[in-house]
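I have placed the structure first, in the form of structure tokens, so that the comments after it can refer back to it.
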Amino acid sequence: MSLSAPSRSRFKPRARLERAVSAWARSRQGEDHAPLTLQSRRIYILPTRAGLVAFLLLFVMFLAGLNYQNSLALLLCFQLVGFALVTMYECHGSLNGLTISSAQVESAFAHGHGELQVGFYNAGSTTRRSLRVRATEVAPKFFEVAPHSACLVSVRYQALSRGRQRIDRLQISSDAPLGLFRAWTWLHMPLEALIYPAPIRQRPLPPAVGLTQHSERERRLSGEEEWAWLRPYRDSDPLRRVAWKAYARGAPLMVAHYDAPAGAQRVLGLDTLHDLPLERALSQIADWVLECERRGESYALDLKQGSVAAGHGLAQRRHCLEALALYEPA
Amino acid sequence: MKDTPLTPKGAEPPPAAPRNVPIATQRWVLAGLLCAVILNVGHVALWCLPLATGAAAWRIWAAQQPSRLPGRAARIAVVVVLTLAVLISFRTLNGLDAGASLLVAMAAIKLMETQRQRDWLIVLGTALFLLLAACLGAQSLWLMPFYAGELWLLSTALYALGAGETPPEGRSLLRSSARSLLLALPLAVLLFLFFPRLPGSLWTVPKEDEAVTGLSDQMDPGSIGKLIQSDEPALRARFDTALPRREDRYWRGMVLHTFDGTTWRRAQRNFGEPLALEFAGPDYRYQIILEPGTHGALVALDMPHGAPSDTSLGFRNFDDQLIASKPTDSAISYRLESSPRHRNTDALPLPVRRLDLALPRDRNPRSIELAHQLRAAAHDDHAYVQAVLDYLQNNGFEYTLTPATLGANSIDDLLFDTHQGFCGHYASAFATLMRAGGVPAHVVTGYLGGEWNRIGGYLLVRQSNAHAWTEVWLDGVGWTRVDPTAVIAPDKLHNDMDDAVAAADGSGRRAHGAPWIAATVQVWQAMNSWWQDQIVNFNMERQLDLLGSLGLRDRDYEALVGILAAGGTLWLSLLAWRGRQSPQGKPRDPLTQAWRILERALKRVASPRAPHEGPIAYGERIAGESPGLAATLRPLARQYAQLRYGATCTTSDLQRFERAVRLFAARIRR
């Protein structure tokens, strides 16, 4: 599925023009692969609105100097014109030679925002300022790259509906140094995000299989969660299961590990959700996946096309959500 | 489930966060604005500087407490009040002074609501316009460093604003803006010299009369005294021949004929062709650069042979005045030839005789009485002139710039009561006595003296050299210059006006101290005059002259546009070339430098390293392609990988690697 801008801007002439120009740029630049270094062939530059106003003011200054036949006023005006043109080159130069070292996109939930990470390297000897990177219509992010150094910039993109979403183009722009000009470049990289169904809670969790009703209820009632043993913290562990009290006493970060009875798991599937439309049902399963993860319970996914064996943790979560994202009814 | 981290969201993107303006940036802008107001302090309303200072101080204070910005109603009230204040100060909103004051007021108001970057940009734009107003207001050379500094300050503020929320430190901002301004300078000079100028104004602009000091087209006893106070240059003369002697440095300006008892005025109509002249004595050929403000008179060394060689500039009047054809509201230059001695060969026409004998009725009866007495005792006109001069010399007349005020019978008061006056008074009295005695006479105003500037190679005549003398008609000789002031203050003829004034007032105004001071002053004056002539007064004619001196035969707009296009292209390509150089600078890291040397050398024997190839893979590939190099290349590639990605990398390792690479590269090249 290709990215299309939200419909509300479809009729805006400016957005349309930008799309047309970027399509033209796509056809002349071809597909890009990181790492790549920006060359002037692919950097475009135009005055910003502030720049247009500034040139209007300069013209007024020029008229004043001409009319008063005042050499000094004209000299000032000409100096400012030259200054503005120099900053135009600086603006262009803040992109020219910038290296895009990597670009990768993270999955996201439908209609939410996903993260896109772009790595930059500045081989030049001056700081590149007021850079912005923009994926879709989400607010761009400002950043700068110090001389001879690299940086990784995360930028949000607007996730559309479930499935595969191609980020057709990235725009990297700069209005350094004065904001009178804006230089930009379009990157067309093979960036594809998996869009998970948006989690929507409509039904309670299906009961766990292999766990007695009693112990489940007991655990609910006891109020405080019981855990069997502590193990060292790993990156993917949910923060709510960290043994903060032990940590406060000086122990390393530990995570409570529940000793679930062997085979106790929830099987998440479409079976009980026949009455819901497909997308709603998938959204419900996504919500269950998140809920199980939150509780730290083991769960399995049972879809007709692809099933995921029981387990938990970030990998399990990802497998399940990916299966949901790519699910297509037979 | 309250804490579900991801709930479905609408497609509405969050608005872009407004870029706040940091305090440091605000200070840059405020400093720029304040300096711009200070540069205008000479011609804006008095309240402008306190207002701007107050607004800036308040702004700095308010920056610490964000909710203090006043509301809309308060701002509108301030707009109305300040606009009224400008109206009251100047009775108009038009014109440079009122406009600049209004700009200051608007900037102060804008400071009350500046929050976003855009608002600060507006304040900065206002400051730039104030700088323009300062340039329009005053163009003296000594102001230039201040204007340049202000421009630097404002561009630095622009850089600070452009850098957003995390501006670099002040020193680096100053450096960036200075670099950009310097890079812009060649284009500015090119445009200045070759951008087509207009022959006149696009629309008429109000001229402020009082700004210009110069010869008045009438003379009452006070008018020259006012001029003598001014140190402004009046004219500069470059001589092709030797300099005129000091006593010959009478610069003729205006000839005044009609007298109403207090004021001398020019003739209202033309009395025909100028009289024929016969010249004697040395010829002086010279060029005059005349400052504006002479009311259409072209000043010339007494007595010019004729109108300027460029006849479009002016003509010679019946009374040997040179009259400019166009209003002289900017400096003009013209060439003349003069001789100090001359003789009229014709008789004086009757209408002119009548004009130069007329006296107001019922005024100055005692003076007329005195004239009759002296006339009766003298046997001819020559003797009469001498008798009047003797009278002035021997009756205790005093030269002073601050004489007592004269009444309606001004000549009577001067001759019989006050006995005090300066050149204007004595010229007026002498001409009156002459006319009363039947000798045609008129008053001539102009300048006396001139200071040689060795560095500039010109004679500088200042407004303070202003002088008035008379010319009387003597049969057989014609118009003869008589300077009654020379009898009363003889020093005046031999020294500069200053010395006469100093002698009269007991104080000198200009320093005549150590020689190095005088030398410095002369250098400064020469620079000033160059600045005035070449930069401030650069206009369309100068521009076309410049084209001519560049050897272009077609002195027209097409030539200008051609030069502009060529120069502009050159400048732009230099900028572009510089832009290509800077971002790809030499890598600082010596290891990378060494590796680059290796890669460059290997380009001769194999295809360059592909972007995906690591150093070891690259080394292996080339070792496979050309086995002769393998023995050295393999260890080098490994060593590089070790140094680059290994745990330690000491300086000696680095040096050894570098040396090995250089040796290897040299081997390949051979």
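The values are calculated or read from the model by the stated rules, or taken from the named source; none is laboratory data. Only a predicted model underlies this, so the values are computations on that prediction, with no experimental measurement involved. No Cβ is skipped: glycine too gets one built from the backbone with ideal geometry, and neighbour counts run over all protein chains shown. For the accessible areas, the whole protein counts, side chains as well, though only heavy atoms, and no ligand, DNA or RNA atoms are used. Shrake-Rupley method; radii C 1.70, N 1.55, O 1.52, S 1.80 Å.
A few points about this structure:
- Region B:37-128 - Debye-derived log10 I(q)/I(0), Cα point model, q = 0.14 Å⁻¹: -0.49
- Phi-based couplings in Hz for region B:252-258 (Karplus 6.51, -1.76, 1.60; Gly and Pro marked x): 6, x, 10, 10, 10, 10, 8
- Lysine pair count for the protein assembly as shown (Cα-Cα distance under 25 Å; residues 8 or more apart in sequence or on different chains): 8.
- Cα centroids of region A:45-77 and region B:411-473: 48 Å apart.
- Gain on full extension, evaluated as 0.36 nm per residue between B:GLU165 and B:GLU599 minus their Cα-Cα distance, stands at 152.1 nm.
- Gaussian network model of chain A, Cα within-10 Å springs - most flexible of A:HIS148, A:HIS188, A:HIS33: A:HIS148
- With both labels modelled 7 Å from their Cα along Cα-to-Cβ, the B:ALA74 to B:ALA565 distance reads 5.8 nm.
- The mean count of C-beta atoms from other chains within 10 Å of the C-beta of residues in B:532-540, rounded to a whole number, is 2.
- The Cα atoms of region B:44-203 cover 50, 45, 26 Å along the three principal axes, with the biggest extent listed first.
- With every protein chain in place, the protein assembly as shown: carbon and sulfur % of accessible area (1.4 Å): 57
- Convex hull volume per residue, computed on the Cα atoms of region A:11-78, equals 149 Å³.
- Helix B:96-113 vs. chain B, principal-axis angle (Cα, 0 to 90°, nearest 10): 30
- Of the peptides B:91-99, A:174-182, A:296-304, the order by per-residue mean of other Cβ atoms within 10 Å, starting with the highest, comes out as A:174-182, A:296-304, B:91-99.
- The A:TYR44 and A:ALA139 beta-carbon pair, evaluated with R₀ = 22 Å, returns a calculated FRET efficiency of approximately 0.55.
- Each principal axis of the Cα atoms in region B:589-670 has its own extent, and those three values, largest first, are 32, 28, 21 angstrom.
- Candidates A:THR185, A:THR126, A:THR99, ranked by Gaussian network fluctuation over chain A, Cα under 10 Å, top entry: A:THR126
- Estimated inter-spin distance, A:LEU63 and B:GLU247, nm [label 7 Å along Cα→Cβ]: 6.0
- Measuring how big chain A is from its alpha-carbon positions, Rg and Dmax come out at 27.7, 98 Å.
- Solvent exposure of the protein assembly as shown as accessible area per residue, Å², 1.4 Å probe: 48
- Cα point-scatterer Debye curve for chain B, base-10 log of I(q)/I(0) at q = 0.05, 0.09, 0.10 Å⁻¹: -0.44, -0.95, -1.07
- Rounded FRET efficiency, nearest 0.05, which uses the C-beta distance separating B:ARG118 from B:GLN64 and R0 of 22 Å: 0.50
- Summed over both chains, the accessible area lost when B and A associate is about 5700 Å², using a 1.4 Å probe.
- Measuring how big the protein assembly as shown is from its alpha-carbon positions, Rg and Dmax come out at 44.3, 153 Å.
- Build a GNM of chain A with springs between Cα atoms under 10 Å apart, and of A:PHE142, A:PHE109, A:PHE55 the one that fluctuates most is A:PHE55.
- A:TYR233-A:HIS274 pseudo-label distance in nm [points 7 Å out on the Cα-to-Cβ vector]: 4.7
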